[in-house]
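The values are calculated or read from the model by the stated rules, or taken from the named source; none is laboratory data. Keep in mind that what you see is a predicted model, and the values were worked out from it rather than measured. As a convention, Cβ positions derive from the backbone with ideal geometry for all residues, glycine included, and neighbour counts pool all protein chains shown. For accessibility, only protein heavy atoms count, side chains too; no ligands or nucleic acids. Shrake-Rupley method; radii C 1.70, N 1.55, O 1.52, S 1.80 Å.
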Amino acid sequence: ENLAVFYDVERMTGELDDRLKRRVILAIQGRSTGGTKPRYEGIAMGASLRVASAVAFIEGTRPVVNIAVYSTDNGGVADAGLLETVRAAVNADDKRMLSDTIVVRAAVFSTVNITADVWLLPETPDTILAALVSGLREDWAAETGLGFDLTPAWITARLMKSGVQNVVVTSPSAPVVAPPQNAIALGTITLTNRGRAF
């Protein structure tokens, strides 16, 4: 915390060490007379603990700074209130470069539905399917973020729990790629019990 204060970063109420450390690194990287990428990302993360991550980028040669915000809740989708909080922070007079036009938006760009066939071991109850669905959502929430691809292999690995004999993911059939400034949200998850086998 003493080192953080040296770089004008103070711990937010309830902020964990890893997040504080990340903001300090962004503050160090962003110390420039210009509006650097790390600077704006650090300001966005400092706006609210609900900001899990943010990425600043430009598209082509347009002089517009885009900031994509990934939320800690709501499946990663930043709601209007959170976006307004970040927008106010990055546009504050003592933060925004005079020449910068800043657009703040939610990072989630795609919702992917998952379907898979599941074979269980003979002694495994059918109720495991519901647990697999909730577990898959929890794993995604814990591991995903900006630029995190959703692959059939990742889904298969997370569904292969004790009591499961085999998993075949039918959708998505190929990796869903997320650009660095975007994220993927999970839609419906449909698991079909195809029977029991050893």
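Using only Cα atoms, tell me the angle between helix 80-90 and the longest principal axis of the chain; keep it within 0 to 90° and round to the nearest 10. The angle comes out near 30 degrees. Scoring 126-134, 21-29 by mean Cβ neighbours within 10 Å over their residues and listing the highest first yields 21-29, 126-134.
Look at the alpha carbon pairs under 8 Å that are at least 6 residues apart: their mean separation over the length of the chain gives a relative contact order of 21 percent. When both bridge partners sit in region 48-110, DSSP labels roughly 55% of those beta bridges antiparallel. Kirkwood radius for the chain, taken over all pairs of different Cα atoms as the inverse mean of 1/r, rounds to 18.8 Å.
Using only helices, what value at 222 nm comes out for the chain when you add -39,500 (n - 2.57) per DSSP H run of length 4 or more and divide by the total residues, to the nearest 500 deg cm²/dmol?
On the way: 6 runs with 64 residues, N = 198.
Rounded to the nearest 500, the figure is -9500 deg cm²/dmol.
Counting only residues at least eight positions apart within a chain, or on another chain, the aspartates and glutamates with an alpha carbon under 13 Å from that of LYS21 are GLU1, ASP8, GLU10. Candidate cross-link partners of LYS161 among the aspartates and glutamates, defined by an alpha-carbon separation under 12 Å and a same-chain spacing of 8 or more, are absent. For the chain, the antiparallel share of DSSP beta bridges with both residues in that region comes to about 45%. For the pair region 168-198 / region 99-115, the C-alpha centres are spaced 20 Å from each other. The residues of the chain expose, per residue, 53 Å² of accessible area to a 1.4 Å probe. Of the solvent-accessible surface of the chain, computed with a 1.4 Å probe and all protein chains present, 55% belongs to carbon and sulfur.
Using amide H atoms built 1.01 Å from N in the peptide plane, name the residues 5+ places from ALA178, or on other chains, whose amide H lies under 5 Å from its own. Correct list: ASP149, LEU150. Rg of the Cα atoms in region 83-152, relative to 2.2 N^0.38 Å, amounts to 1.86.
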